[in-house]
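Everything below concerns the one structure shown next.
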Amino acid sequence: MNDRKNIGGFILFTMVIAAVFNFRNVINNYVSIGTLAAPAFFVATIVYFIPFTLIIAEFVSLNRNSESGVYQWVRSSLGGRWAFFTAFCYWFVNLFYFISLLPLVLVYAVYMILGRGVQVESWAIAVFSITLFFLATWVSTRGAKWIGKVTSFGATLMLGMALVFVVGAVVALLGGITPANDLSIAGMRLDPGSGLTTWAFLGTLAWIIQGVGGAESIGVYLNDLRGGAKAFVRTIVIAGLTIGLVYTVGTWLMAVFVDKSEVGYENGVFVTMAAAAEHFGMSGDVTIRIVGVIMLAATLGGLMIWTSAPVKIFFSEIPQGIFGPKVVALNEQGVPVRGAWIQFAIVVPLLVIPTLGAGSSIDALLKIVINMTAATALLPPALILVAYWKLRKSYDSASRSFMMGRRGLGLGVATFLVLLFTVCFVAATFPEDQALWLTLVYNVGGVVVFLGAALAWYERYIRRLRAEDPEAARRELMPSAHEQSERNAQEDAALLAAGTGEA
């Protein structure tokens, strides 16, 4: 008897909102492409977020007795090698997420204290970020139960701030304010005369896809939800549409108070909120400090959680033997200490390299790291989509309680999304306004070196396993759905033979 059905639809709904929504995504995409980001957010929700979540639900129902997430999902159809590679990619993507998150702590702290931005050399930001990440790593290895409360506090306030902004902007429009930018459909078009090219838009689309990502972190709760797969699908679709609507309306309404040319990645949220507050007769200076507190709380909570959680998940999920026992050993708080410090050692050069190409502009630095974070963030879901395509093509008879339509529909959706991801990944990896040496060293070199090293390390593990236990190596590389499909085929053949015999 399953006694885990202890999550209701509303709880799952709020979990999706917390995992996916971030007001920074509204700011970053408005700064990059203006109100064109509004319809792009909604389209991304419809064509990516909802279908991808349904794919996750199908993988969860296929692996309903497993709790290990993406590793088992990908192993279902692609085997252990690509399952390890996908799990590694999730950890690897998080390394670049740190690079975009750490400088923001300094930015938000300065606005909270001074009420304004200050010019800080990018090398000084790198030094501050390294120091902060050192402290975050040290704290995370010792456990910090209060961090969850900080994260929840900041995320709740951030969502509340976004909703207050939306309501305020609507009230201002009804009151007759003249928008700072064109809010019409014509104002959302891709206008080459503005300097925004199709290639730049495709690169920014990677940011938008990343902005509505996070479904893979929610799919694991299908077995805990009252109502099963049907309730999960219904709730996740409603939550996805809600997030897409908030992102869309929020981005569109950014143009009510501030012109796109007046905001940057560093100051966008502060300039916008101050302008909105001043329109209603409130102090912009006080508003900036309040926003600084909200954004700093959310960012610090996220930093502490993501410093420990991904490294713990990665090193505990993969098969024993890939890494040495000392690397994966957990301390009394359940954190792989050596793994956490290995993560720190890798992040340091990733923090330093972009500063060489950013000059003295923090906005340029943030654009570089946000761009690369979005590009690498496409890798894990792309691998999940490839695994899903293979599942529907080769192992569609594998038993599961939920399927996203017939085989043809599943293959068609997966094919479209893989192609979309490929184009966006290339466009984000090769931005047209970035120095070639920085693109080759940071964007291309980082991906090739780390992912190549991961595959080489896994091959080393397989060679050792084959020498010790060839059958174990074969099982490790074999898709888990293969055996299930074979059993189903044998059962069908037996039933057919029995029916023929009775006839």
Considering only DSSP states other than H, G, I, E and B, which trypsin sites (Lys or Arg not before Pro) in the stretch 401-472 qualify as loop sites with at most 14 other Cβ atoms within 10 Å? 406
Overall form of the stretch 257-355 per C-alpha gyration tensor (a/c, 1.5; a/b vs b/c): prolate
So the FRET efficiency between residue 430 and residue 459, C-beta based with R0 = 30 Å and rounded to 0.05, is 0.55
So, for the stretch 238-343, what is the accessible surface per residue at a probe of 1.4 Å, expressed in square angstrom? 40 Å²
Please compute the net charge surrounding residue 407, taking Lys and Arg as +1 and Asp and Glu as -1 over other residues with Cβ under 9 Å from its Cβ. +2
Solvent-accessible heavy-atom area per residue, rounded to whole Å², over the stretch 38-130 at 1.4 Å: 30 Å²
Can you give the FRET efficiency for residue 46 and residue 173, using 1/(1 + (r/R0)^6), R0 = 22 Å, r = Cβ-Cβ distance, to the nearest 0.05? 0.30
With each pseudo-label sitting 7 Å past Cα toward Cβ, what's the residue 475-residue 397 distance in nm, one decimal? 2.3 nm
How far apart, in nanometres, would the label points at residue 423 and residue 348 be if each is projected 7 angstrom from Cα along the Cα-to-Cβ direction? 4.2 nm
How many percent of Cα pairs in the stretch 386-439 exceed 18 Å? 48 percent
Which of the chymotrypsin sites (Phe, Trp or Tyr not before Pro) across the stretch 230-293 are loop residues per DSSP, with 11 or fewer other Cβ within 10 Å? 280
Give the carbon-plus-sulfur fraction of the accessible surface of the stretch 420-490 in %, rounded to a whole number; probe 1.4 Å, heavy atoms of protein chains only. 64 percent
From largest accessible area down, sort 279, 482; use a 1.4 Å probe on the protein chains. 279, 482
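The values are calculated or read from the model by the stated rules, or taken from the named source; none is laboratory data. Keep in mind it's a predicted model, so treat the numbers as computed, not measured. Every residue, glycine as well, gets a Cβ built from its backbone with ideal geometry; the counts of neighbours run over all protein chains shown. The protein model used for the area step is the full one, side chains on, heavy atoms only, and it has no ligands, DNA or RNA in it. Shrake-Rupley method; radii C 1.70, N 1.55, O 1.52, S 1.80 Å.
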